[in-house]
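Here the structure comes first, spelled out in structure tokens, and everything after it is commentary.
No value in this document is a laboratory result; all are computed from the given coordinates. Only a predicted model underlies this, so the values are computations on that prediction, with no experimental measurement involved. Backbone-built Cβ (ideal geometry, glycine too); neighbour counts: all protein chains shown.
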Amino acid sequence: MGRVPRKADERESPNRRFFAFAGMPFPCQLEPAVKTIFEKIRDGEIPSDVIHRDELCFAFRDISPQAPVHILVVPNKVIPRVGEATAEDQTVLGHLLLTAAKVAADLGIAESGYRVVINNGPHGGETVPHIHVHLLGGRPLTWPPG
Ligand code: 5GP
């Protein structure tokens, strides 16, 4: 008996590689059965210092700031990570960057400068599978990152 053929998208999905790397079973759901911590913040189920909300995204202070300004900009829609985004997500992905720039200006770090970061997958340092832009500033930031 040969292998049961899988659908091409299941066999090739970057999600499959991510979960295999993390030692987790596949198939998995693109949107987990339980809410991500950021969905709970979005829905007001856990407290957070939310400083921006609009129809596509929200932004709040990171609980463990790595710089004087450390904001997370998160889409209302759960896109797990850059590797799982689709063409349909183009508008929201662009909106995250424009919102990060607006928040930076609102917080007075546009002139001094800042960094925007998206961690993707295990080696990227991603810990929450709900795409988010880190906005870091308020001090000089070194390069390369650790
Ligand atoms: P990642 O490591 O996935 O790129 O970033 C996740 C970020 O979420 C981390 O910087 C972490 O400090 C932040 N974070 C995790 N849980 C919470 C929380 O409950 N509240 C807030 N405000 N930030 C959180």
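Residues in the stretch 104-129 that are free of Cβ contacts under 8 Å to residues at least 60 places away in the same chain and β-branched (V, I, T): I109, V116, V117, I118, T127. Screening the stretch 31-49 for residues that are hydrophobic (A, V, I, L, M, F, W, C) and loosely packed, with under 14 Cβ neighbours inside 10 Å and picking the one that is nearest to the ligand (Cβ to nearest atom) gives I46.
Conditions: (1) under 14 Å from the mean Cα position of the chain (by Cα); (2) assigned to a loop (DSSP other than H, G, I, E, B); (3) buried (at least 19 other Cβ atoms within 10 Å of the Cβ). V74 meets all but one. Number of the miss? Of (1) under 14 Å from the mean Cα position of the chain (by Cα); (2) assigned to a loop (DSSP other than H, G, I, E, B); (3) buried (at least 19 other Cβ atoms within 10 Å of the Cβ), only one is false for V74: (2). Regarding K102, is this residue more than 11 Å from the ligand (Cβ to nearest atom), farther than 22 Å from P122 by Cβ, part of a helix (DSSP H, G or I) and charged (D, E, K, R)? Answer is yes for this residue.
Scan the stretch 105-127 for residues that are small (G, A, S) and either within 15 Å of the ligand (Cβ to nearest atom) or in a strand (DSSP E or B) (or both) and the total you get is 3.
Residue-by-condition table, conditions (1) acidic (D, E); (2) not in a strand (DSSP E or B):
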residue	(1), (2)
H52	no, no
A59	no, no
A67	no, yes
D89	yes, yes
L98	no, yes
P129	no, yes
L136	no, no
P144	no, yes
